[in-house]
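Okay, structure first, notes after.
The values are calculated or read from the model by the stated rules, or taken from the named source; none is laboratory data. Worth saying up front: this structure is predicted, and the values here are computed from it rather than measured. Cβ placement follows ideal geometry from the backbone for every residue including glycine, while neighbour counts extend to all protein chains displayed. Note: areas computed on protein heavy atoms with side chains; ligands, DNA, RNA excluded. Shrake-Rupley method; radii C 1.70, N 1.55, O 1.52, S 1.80 Å.
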Amino acid sequence: MTTTSLATARHRALVATLAAAATLAACGGDKTSNAPAAGTTVALTMMETTDLHQNILGYDYYKLAADNSVGIERTSTLIKQVRAANKNTMLFDAGDIIQGTVLGDYQALVNKVPCTDKLAIFKAMDSIGYDAGTIGNHEFNYGLGYLGQVTGRQFNVKNLAAPSAQPKCTGPAYPQVLANVVSTTDSKPIFDPYVIVTKNFSATTPDGKTVVVPVKVGVIGFTPPLIMAWDKGNLDGNVTTTGLKETAQQYIPEMKAKGADIIVAVSHGGPDSAAYSATMENGNLYVAQVPGIDVLMMGHMHQVFPNANSSVAAFGIAGVDKTKGTVSGVPAVMANFWGKNLGVVNLTLKYGANGWAVDTSATTTATLSTQNADKTYVAADATIAPLVQAEHQGTIAYVKTPIGTTDYRLSTYFADVGDTTAIQVVNQAQAAYVKAYVAANLPQYQSLPVLSVSAPFKSGFAGGTDYTDVNSTDLAIYNAADLYLYANTIQAVLVTGADIKAWLETAAGRFNKIDPTSTSAQWLVSSFPGYNFDVLDGDGSVKYEIDVTQPLGSRIRNLTVNGTAIDAAAQFIVATNNYRASGGGGFPGLNGSKTIYASPDANRDVLIAYIKKAATLARTVNGNDRSWHFTRVTTAGPIQFTSAPGNAALAATDGILGVTQVQADDGSGKGLAVYQIDLSVQ
Amino acid sequence: MKRALAGLALAAALAVAAATTRPFWEAPDAGQAQAWLHDAADRRDAGAEAALARWSARGNASARRAYAALLVHRADATSRQALQLVLADGAAAGDAEAATQLAELLSGAGIAHDDARIVRLLAQGSAGHVPAASRLLGLRALDAHDLPRAATLLAQAADGGDAPAMFLYANLLRAGQGVPRDEARALALYERAGDADYAPAIQALAIAWRYGELGLQADASQSRLMDHEAAEALAHATR
């Protein structure tokens, strides 16, 4: 612990004493006391936020739309409610604060927050008022230099200038503690390992009087030692981690010796029944066993604790009581993530011969949700948004920043009938990425063709607005999120020609079996999900037909690669995503065993990089391959499907012939029109 | 037996104490001593690693496991060869975990496959209730289009806590392949695998929330949360 933090603690204690005394004086003149009578009690409510991940406002930057389910602006409302209902409260944060939204990336990587400015999330947290907090694993994602800057630290580590040569930047006002990350330079923790905060609480004497008493609350912080693997590039050689249990065993007695009356462990992790190791990810079962810890504030797992109905395995292990809310007998909470919940621990402190002690029989734990029982959300604290308006607007401007241009409209309105304008570029990006990786790292596969699959993730399920539609000459980051909806990562699978045919046969389940002799109208599209309608592409080298008059499993016809019928025994590399490669969608042969490369990179990021490199997407290069089309067939009756209304001309522009709108409203109330397609001209 | 192990642990600990950073002589039992030894060896402590190797060669099962756990993270040919020998010793001694690990090792790229031996080892592992062995046999059954057998094996593996098996078995349950269709059970399995941070299961949940599948009521916000969870799980898995 540094002199500075002690001085800060003293200053805070003084301010708190004056404030509390003034409040009590106004209430009727009870006296302030530094020597409580034996039996004096304090009702204390401790609150926790965790895994905020820069969710300040309820807003989805990829959709450019409000999302009331997240954001500390609503947690703040809960905090104010708890403070209004309880005289003595404290607030802690269990880490993963600075990273996790576009806003986080914007401030770290795009328009770096200046040394003199406070990070947006810390502006909000300081406005709310925290007593202490710790550092999560994601705090290390942007490197030690950035972490030092935004937390107001001058780390003494090898990859940074000497602390005296580093500027002292603006960090949060509340003390941040972390005991188990140690500099390799001086073998000291890079943050204060703990802090002892003196709080002046309203107390009740045995004879019923109200007095103000000082209580020294020690707060120690921990983060998962696996940061050394997760952020190896940022941390290797600069810091090391120590085991949670040993670290707690080292510091808790020291904190007690320095006068801590009660001790709170704020530990960015959960419990785990595995045998203890100094590198385990979730070591809180063992931390809580260290004598002296009175309260455990957890995080990292993005779960709610206590929760009697939780199916989380870690909450069902011996030593964890998910109903009562204890870990190794210590009251504990975990407040979910993104500000969705607030952890609450209600303690009764009793003064006795040995000082303050927690009356464990009177302790309760809970989490409060920002979501009401009727599924609405509590109102946002209106004081938060103005604090971060500049950062919020800057982030919106960033996601709207062009990353390239296009000379054609990329949409999925007619993906069900062969339009690949919004899919081809995804496949091109995936294939190019995998080709480059194979060339550099997998020489044994270099002679194999690299193909790619992707699906129209937005294909009208939720109605006429649920389609991908990039209808602008400028392509921005949020457009990439429209083109690639999910946070998948790229994987390359090694498959045979037979596997590919089976893959496409499954995807062709998207269509009903059409009876060409029927004079009745027939719906073309089945209930098979659009997100599983994988489209194979080989940058012009792959062609195939889907014959919807045939039964499932026999619909793929004339599947060719470079003009030659595909060899069932030949090997191919197919670029896809981790979900599909692991067995998602139940495609035959895909079950995780065929992956030859599991990339850490997201398909969406690969797409963004591809567009940036290409600078301009041209229909002739990126939008008119049309690797598949329906097998031509003349039907006696109309073949119909739904899509957003008024787009028949777009189908023609994209080369899909014979499409006409026959009904502007399909009657579903979802903003969909009925179209008809002539299968004889495909 | 435990006392004998503790004695062995103490002897080994004393032998390497000077070269390591842990107070092994304070270990409460043999398991803890081995965990500390393994920890030290993992930090490239030659003395500790040599002690583990000696212990392993003498037939001590837990030392063999600890030594294998150390070697499995090394890619050099010498370590791979040592790992193969250690695991083969374990499998021969009836260690189902070792048999499974050896089968996985022998299935890897760059090693000439003896498929019959791999299947025997997996059968040994599965019979010994090693979930990964049941899953790998289940994958073979899937490839052979023997869906009922695949379902049985994947269910075994899922029951044993294997997250990828939970995901694959859930896929069979929701499709009614090899097993009666049961969406509620599939959902529960996706959630269980998701709780174990298995990204594809969380992605399945993200999709299910988005489209209102598996008995869930469509909820775009919940889908987004799951998508974020999946991204985080992927980051942890691949970083």
Return the FRET efficiency for the residue pair A:Arg557, A:Ser447: r is the Cβ-Cβ distance, R0 is 25 Å, and the value is rounded to the nearest 0.05. 0.35
Heavy-atom accessible surface, probe 1.4 Å, ligands and DNA/RNA ignored: which residues of region A:457-485 lose at least 30 Å² versus the isolated chain? A:Phe461
Region A:398-511: relative contact order from alpha carbon pairs under 8 Å, six or more residues apart, as a whole percent, is 38
Those lysines that a straight Cα-Cα span of less than 21 Å connects to A:Lys501, excepting residues fewer than 8 apart in one chain: A:Lys513, A:Lys543, A:Lys594
Extent of region A:350-408 along each principal axis, from alpha carbon coordinates, in Å, largest to smallest? 79, 32, 23
Report, ordered by chain and residue number, the aspartates and glutamates lying within cross-link reach of A:Lys256, taken as a straight Cα distance under 17 Å and ignoring same-chain residues fewer than 8 apart. A:Asp192, A:Glu246, A:Asp294
Tell me, what is the percent relative contact order of chain A, built from C-alpha pairs under 8 Å that lie six or more residues apart? 12
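Compute for chains B and A the buried accessible surface, both sides summed, probe 1.4 Å, and express it in Å² to the nearest 100.
Working: alone 12700 and 26410 Å², together 35470 Å².
Answer for the B-A pair: about 3600 Å² buried.
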With every protein chain in place, the residues of region A:580-621 shedding 30 Å² or more of accessible area versus the chain by itself (probe 1.4 Å) are A:Ser582, A:Asn591, A:Pro600
One finds, for A:Ala382 and A:Leu64 with R0 = 25 angstrom and r their Cβ-Cβ distance, a FRET efficiency to the nearest 0.05 of 0.70
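When Lys and Arg each count +1 and Asp and Glu each count -1, what net charge do the other residues less than 14 Å away from A:Val304, Cβ to Cβ, add up to? Don't jump to the answer; show the numbers that get you there.
Working: positive: A:Lys322, A:Lys340; negative: A:Glu48, A:Asp51, B:Glu191, B:Asp195, B:Glu229.
Local charge sum for A:Val304: -3.
Round to a whole number: what % of the accessible area of the protein assembly as shown belongs to carbon and sulfur, probe 1.4 Å? Present the calculation step by step, with values, prior to reporting the outcome.
On the way: 18720 of 35470 Å².
After summing per-atom areas, the C and S share lands at 53 percent.
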Helical mean residue ellipticity (222 nm; -39500 (n - 2.57) per DSSP H run of 4+; nearest 500) of chain A: -6500 deg cm²/dmol
Net charge of neighbours whose Cβ lies under 15 Å from the Cβ of A:Phe457, counting Lys and Arg as +1 and Asp and Glu as -1: -1
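Any idea what diffusion coefficient chain A gets from Stokes-Einstein, in µm²/s, Kirkwood Rh on alpha carbon pairs, 37 °C, 0.692 mPa s? Could the numbers behind the result be given before it?
On the way: Rh = 28.3 Å.
For the chosen part, D equals 116 µm²/s.
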Extending each Cα 7 Å along its Cβ direction at A:Gln371 and B:Arg120, get the distance between those two points in nm, one decimal. 5.4
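Considering only DSSP beta bridges whose two residues both sit in the protein assembly as shown, what percent are antiparallel, to the nearest 5? Before the final figure, lay out the partial values.
Details: 78 of 112 bridges.
Of those bridges, close to 70 percent are antiparallel.
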Please give the residues from region B:170-212 for which the solvent-accessible area of heavy atoms, probe 1.4 Å, is smaller by at least 50 Å² with all protein chains in place than with the chain isolated. B:Asp195, B:Gln203, B:Ile207, B:Arg210, B:Tyr211
Links that overshoot a 21 Å alpha carbon limit, given the list A:Lys123/A:Lys188; A:Lys232/A:Lys435; A:Lys118/A:Lys168; A:Lys188/A:Lys216; A:Lys63/A:Lys340: A:Lys123/A:Lys188; A:Lys232/A:Lys435; A:Lys188/A:Lys216
Counting only other chains, and only Cβ atoms inside 10 Å, what mean value do you get across the residues of B:135-146? 2
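Please give the FRET efficiency for A:Asn309 paired with A:Val110, using the beta carbon to beta carbon distance and R0 = 45 Å, rounded to the nearest 0.05.
Values: r = 41 Å, r/R0 = 0.91.
Once rounded, the FRET efficiency stands at 0.65.
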From the phi angles alone, apply the Karplus equation (6.51, -1.76, 1.60; θ = phi - 60°) to region A:145-160 and give each ³J(HN,Hα) in whole Hz, x where the residue is Gly or Pro. x, 5, 4, x, 4, 6, 9, x, 10, 10, 5, 9, 10, 5, 8, 10
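Hey, what did region A:159-269 get for relative contact order, percent, Cα under 8 Å, at least 6 apart? Write out the running numbers ahead of the final one.
Numbers: 167 pairs, mean separation 32.1, N = 111.
Averaging sequence separation for qualifying contacts and normalising by length gives 29 percent for region A:159-269.
Rounded if a/c is under 1.5, else prolate if a/b is larger than b/c, else oblate: which is region A:462-525, with a ≥ b ≥ c the root eigenvalues of its Cα gyration tensor? Working shown, then result.
Values: a/c = 3.22, a/b = 1.25, b/c = 2.58.
Cα axes put region A:462-525 in the oblate bin.
Could you compute the net charge surrounding B:His145? Neighbours are other residues with a C-beta less than 15 Å from the C-beta of B:His145; K and R count +1, D and E count -1.
Numbers: positive: A:Lys501, B:Arg140, B:Arg149; negative: A:Asp499, A:Glu505, B:Asp143, B:Asp146.
Result for the local shell: -1.
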Between the helical axis of A:497-507 and the dominant principal axis of chain A, each derived from Cα atoms, what acute angle in degrees is found, rounded to the nearest 10? 80
Can you give the accessible area per residue of region A:601-665, in Å², using a 1.4 Å probe? 45
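Over region A:351-510, with the other protein chains present, what is the accessible area per residue in square angstrom, probe 1.4 angstrom? Can you show the working numbers first?
Working: 5770 Å² over 160 residues.
Spelled out: the 1.4 Å probe surface of region A:351-510, per residue, equals 36 Å².
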